[in-house]
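The values are calculated or read from the model by the stated rules, or taken from the named source; none is laboratory data. Predicted, not measured: the structure shown is a model, and the values here were computed from it. Here the Cβ positions follow ideal geometry from the backbone for every residue, glycine too, while neighbour counts run over all protein chains shown.
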Amino acid sequence: MRPEEGREVVEEVVRRVQADVLASRRTAPAGALESLINDAVFHETERLRRERAGNRQTQAERAFWRRAQQRLQHATEVELVALLGDIVRWHAGEIVGRFDPRVYRFTIEIVPWILTVGLNTAAPRRMLADLPRLPRVRHNLVVRGEVDLVRRMDDLGTILLVPTHSSHLDSVTVGWSAADIGLPPLTYGAGLNLFTNPVLSFFMHNLGSYRVDRKKRHELYKRVLKEYATVTLERGYDNLFFPGGTRSRNGAIERRLKLGLLGTGLTAYVHNLRRGKPKPNIYVVPCTVNYHLVLEAETLIEDYLKEEGKSRYIIEDDEASSWRKWLKFIHNLWQLDSRIFITYGRPLDPFGNPVDDQGRSLDPRGRAVDPRSFVLRDGEPVHDAQRDAEYTKDLGRAVVETYRRDNTALGTNVLATAALGLLRARTGQSDVYRLLRAVRPAETFRLREEVFPVVEAVLDGVRRRASRGELRLAGELDRQDAATVTADALRHFGTYHQEPVAVRQGPDLVVRNKNLVLYYHGRLSGYGLDDEATAAAARL
Amino acid sequence: MTTSAPIAVLGPGSLGALLARLVALGGQPVAWWGGEHAPLLERRARRRGERDAGTTLPPEVRRCATPEEALGSATLVFLAVPAGSLLDLARRLGERLSPDRLVVHTAKGLEGPSGRRPTEILAAEAPARRLGALAGPYLVAEVLAGYATTLVLGSRFDEVHQAVHDALATERIRIERTHDVAGVELAGAAAVALGAAAGLCSGLRLGSGARAVLLARARQEALHLGLASGASAETFGGPAGLADLLVATNDPEGLGYRFGRRVGAGEPVASVREDAEARTEALRALEGLRTIARRTAVPAPTLEALRDILVAGAPPAPTLDALLRSGS
């Protein structure tokens, strides 16, 4: 947002967090305010103590928190409230994005050309053969689903876009697809690590992102983040965030969501009603993203499988932190003519009800229902934290259901599911950890006699489910036979990753990377296909 | 939160009338729809000693000819109909059960072979989202006679808890609150089903030991079904569960008990079912519990056997003999 509006938003966030904290003090135990501030001071002081960086920003932070600690000692009630305001202002100031529509337009126009030319240098002969028409990046991004409906919702209210999250590439692919279908710039929280490069930072800011420091875990920072997102929604800024909270570690589609940010849509809606805003509606749009290969798959699955059981929530030193890896990945996509599927789901209201093409909420029987009536008490819209938390759970369930339905099965997922079934049948192990221990470094299966029949069984399974509307298929999977699907998947699996997932050796398939087999099968877990694959393998 | 808007009670017979009476005695405006079958239900109620059923309500209770009229502008709505009638009522009212209303049902039971619980029926048919299930070990006659009573309200929403408390709680009537809606409904269904099972044992003149084993096993199976459906064990062990079960299995005048006793005594199931006065929610509850058992893959041989006898007409004695001998 523009700098002057950014300042207004910061002050609004300060006002609301202060009011909220002071209101909750009536029922909170004595000393709750001091405890909240102390918690923030303690966590920030500890975090900065662990920071090695001595740059200007870190020094300024250290100075701020030192002063806060001093002010906290012997502070009166009035001084505590003032200190609370200053801390919230500090955090909100760190978060707030800058946005320049001119830079946004420039970026949206120029980035695809850069990518297109850059990618085509990987295949200059192909580029020359296609001249004067340059292949377009757009070809590799398949955007489908309720696109027209989503565009319409943007005219009728404010959008909260909630995509699945597999890769840091998601911000780029979803952001690009949103612009491509005609949505205005999305406001979204991006990890601080994406702002360390000054050039990238410039573009990130001007593409609508705001900075989120996931190393900050204290309660006050989370409140400030939520309030910031809420205020931007109320001001009509379409928002994006990943309700799964982090990238899927095992490749599976999200089943449990972080409801805190998801609930900001409802909070913003009630505020809009109370202020009599002309277009108060907030529309939540689930968006499912599917890749043949995932940039950071190796690190993610390794994290998932860590013996100590505790996965790292924030991973910074993975494949996405390397520019070379990014380029290699994108080159790979291009050379394989690989597609990324981005499916926009049916928009929902903040209560999880689907909406029609006029933006009206629909009840379970498809009748229009007034969404205001969910939040009325004695005829007035009111906030009610307990009630709204339950509504947000309902919304979360509806989003997860949409993710499942719109999840697109790809050839790599099909082959990985078949391979896992074969490994299960061979080792007799169904427990993941026991299975992975039992599997040898290179497990070999006869393509014709073993792999194709199980791939066929999995294909049959995904097609049946797709016909019932339980998931989607990449178009070609509808008609390709097992041999073709396997060959295409092996083309993908044989490239990019350090250790190929699986390779063909003569008449055999050799599984080389069991962890990645687990990862790529993950996208089709939870549909009952695992059991069908294992059963088909057992019948051989 | 005490609502100034009227409270609507939709439901025939003694329970609907009781709720309307209690709300009125609490000083809140109430509109009551007694249903089309009031005379039949009033006869039943009189037989059970509920002499006041529907006939001597306080003047503050506004009697309505239709459920739509009773609904009016009420913010709190009690649906006091059996589980088997809930779908029809929910469909009839449809969008009138709007999201700004708090809707509480009193149906103990399940829809039948679908296995749907009452709140699931309401969620599928109506836009209202703030739902509640009112259950517990109460007998209408005892409440009318002034005995101390505990009701259990299961709802995800604290607003619903507060509204029902404000409407019904007195010195003699205590409302226990829980967020475990599935538990309240499934435990209630189990109580209804096992009421019929207790009657069956009585009709068969089974000994106390055999009766106790049968009921204990069935209850255990119902508990496992509940846990598999997300309910909490605590609910099954509390007033909505064990206490209600004790009432249902020791109430010889209960509809389910009498049904089971007639079947145990040798009457064919089909002929007992034809008797309108013998209609019981126990049969639907047994059908529903069987469906849930199969859906959740939870073994429930005792409940299945009870269903086979009381619904499908399997010979009672040999079926129970085989079950008790199998030790499962």
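Of the residues making up segment A:499-540, those that are within 26 Å of the chain's Cα centre (by Cα) and of a type in the set (Gly, Ala, Ser) number 4. The set of residues in segment A:347-359 being at negative phi, more than 9 Å from chain B (Cβ to nearest Cβ) and crowded, with 17+ Cβ neighbours inside 10 Å consists of A:PRO347, A:LEU348, A:ASP349, A:PRO350, A:PRO354, A:VAL355. Selection within segment B:99-110: residues that are farther than 14 Å from B:LEU79 by Cβ and either surrounded by fewer than 24 Cβ atoms within 10 Å (Cβ to Cβ) or in contact (Cβ under 8 Å) with a residue 40 or more places away in the chain (or both). The member of this set that is farthest from the chain's Cα centre (by Cα) is B:ASP100.
Please find, within segment A:383-392, the residue that is surrounded by the fewest Cβ atoms within 10 Å (Cβ to Cβ) out of those that are assigned to a helix (DSSP H, G or I) and facing chain B (nearest Cβ under 8 Å).
It comes out as A:GLN386.
Hey, could you check segment A:371-382 for residues that are among the aliphatic types (A, V, I, L, M) and touching a Pro at 6+ places or on another chain (Cβ under 9 Å) and say which is nearest to the other protein chains (Cβ to nearest Cβ)? Among those residues, the one meeting the criterion is A:LEU376. Just one of (1) assigned to a helix (DSSP H, G or I); (2) aliphatic (A, V, I, L, M); (3) more than 14 Å from chain A (Cβ to nearest Cβ) fails for B:ALA163. It is (3). Whenever a residue of segment A:174-192 is under 26 Å from A:HIS91 (Cβ atoms), its partners that are surrounded by fewer than 19 Cβ atoms within 10 Å (Cβ to Cβ) and of a type in the set (Ser, Thr, Tyr), lying with C-beta atoms within less than 9 angstrom and at least six residues away or across chains, give the pairs A:PRO185/A:TYR104. Applying the set (1) buried (at least 17 other Cβ atoms within 10 Å of the Cβ); (2) out of contact with any Pro (no Cβ under 9 Å at 6 or more places or on another chain) to B:SER271 leaves exactly one unmet item: (1).
Among the residues of segment A:360-370, those that are on the phi < 0 side of the Ramachandran plot and more than 8 Å from chain B (Cβ to nearest Cβ) comprise A:ARG360, A:SER361, A:LEU362, A:ALA368. Residue check: A:SER321 meets all listed conditions (1) at pLDDT below 90; (2) under 30 Å from A:GLU146 (Cβ atoms); (3) under 19 Å from the mean Cα position of the chain (by Cα) but one, namely (2). Would it be correct to say that A:GLY396 is assigned to a loop (DSSP other than H, G, I, E, B) and either under 26 Å from B:THR178 (Cα atoms) or within 11 Å of another protein chain (Cβ to nearest Cβ) (or both)? The answer is no for A:GLY396. Only a single criterion out of (1) within 30 Å of the chain's Cα centre (by Cα); (2) hydroxyl-bearing (Ser, Thr, Tyr); (3) part of a helix (DSSP H, G or I); (4) surrounded by fewer than 22 Cβ atoms within 10 Å (Cβ to Cβ) is not satisfied by A:THR495, namely (3). Kindly evaluate A:THR299 against the criterion of being under 23 Å from A:ASP213 (Cβ atoms) and at pLDDT 95 or above. Spelling it out, it is not the case that A:THR299 is under 23 Å from A:ASP213 (Cβ atoms) and at pLDDT 95 or above. Filtered by the rule that a residue be away from every other protein chain (no Cβ under 14 Å), in a loop (DSSP other than H, G, I, E, B) and surrounded by fewer than 24 Cβ atoms within 10 Å (Cβ to Cβ), segment B:4-35 gives B:GLY26, B:GLY27, B:GLN28, B:PRO29, B:GLY35. For segment A:411-434, which positions are free of Cβ contacts under 8 Å to residues at least 60 places away in the same chain, out of contact with any helix residue (DSSP H, G or I) (no Cβ under 6 Å at 6 or more places or on another chain) and part of a helix (DSSP H, G or I)? Of everything in segment A:411-434, just one residue is free of Cβ contacts under 8 Å to residues at least 60 places away in the same chain, out of contact with any helix residue (DSSP H, G or I) (no Cβ under 6 Å at 6 or more places or on another chain) and part of a helix (DSSP H, G or I), namely A:ARG434.
Each row is one residue, and each column tells you yes or no for (1) modelled with pLDDT of 95 or more; (2) crowded, with 24+ Cβ neighbours inside 10 Å; (3) of a type in the set (Gly, Ala, Ser).
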position	(1), (2), (3)
B:ALA145	no, no, yes
B:THR149	no, no, no
B:PHE157	yes, no, no
B:ALA182	yes, no, yes
B:LEU186	yes, yes, no
B:ALA191	yes, yes, yes
B:ALA197	yes, yes, yes
B:GLY203	yes, no, yes
B:LEU206	no, no, no
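Going through A:VAL172, A:VAL142 one at a time, which residue ends up being surrounded by fewer than 21 Cβ atoms within 10 Å (Cβ to Cβ), under 19 Å from the mean Cα position of the chain (by Cα) and part of a helix (DSSP H, G or I)? Unique residue meeting the criteria: A:VAL172.
Residues that are under 30 Å from A:LEU348 (Cα atoms) and either touching a Ser or Thr at 6+ places or on another chain (Cβ under 8 Å) or not polar (S, T, N, Q) (or both) are absent from segment A:428-440 altogether.
Residues in segment A:38-81 that are without any contact (Cβ under 8 Å) to a residue 40 or more places away in the chain and assigned to a loop (DSSP other than H, G, I, E, B): A:GLU51, A:ARG52, A:ALA53, A:GLY54, A:ASN55, A:GLN73, A:HIS74, A:THR76. Filtering A:LEU436, A:LEU420, A:LEU395, A:LEU376 for residues that are buried (at least 20 other Cβ atoms within 10 Å of the Cβ) and farther than 18 Å from A:LEU262 by Cα leaves a single hit, A:LEU420.
No other residue among B:ALA322, B:ALA293 is touching a residue at least 24 places away in the same chain (Cβ under 8 Å), at negative phi and part of a helix (DSSP H, G or I) apart from B:ALA293.
For B:ALA197, state whether it is of a type in the set (A, V, I, L, M, F, W, C), within 21 Å of B:LEU310 (Cα to Cα) and either in contact with a Gly (Cβ under 7 Å, 6 or more places away or on another chain) or in a helix (DSSP H, G or I) (or both).
Judged against the criteria, B:ALA197 is a match.
Looking at segment A:255-276, can you tell me whether even one residue there is over 21 Å from A:THR299 (Cα atoms), surrounded by fewer than 19 Cβ atoms within 10 Å (Cβ to Cβ) and small (Gly, Ala, Ser)? Taking every residue of segment A:255-276 in turn, at least one turns out to be over 21 Å from A:THR299 (Cα atoms), surrounded by fewer than 19 Cβ atoms within 10 Å (Cβ to Cβ) and small (Gly, Ala, Ser).
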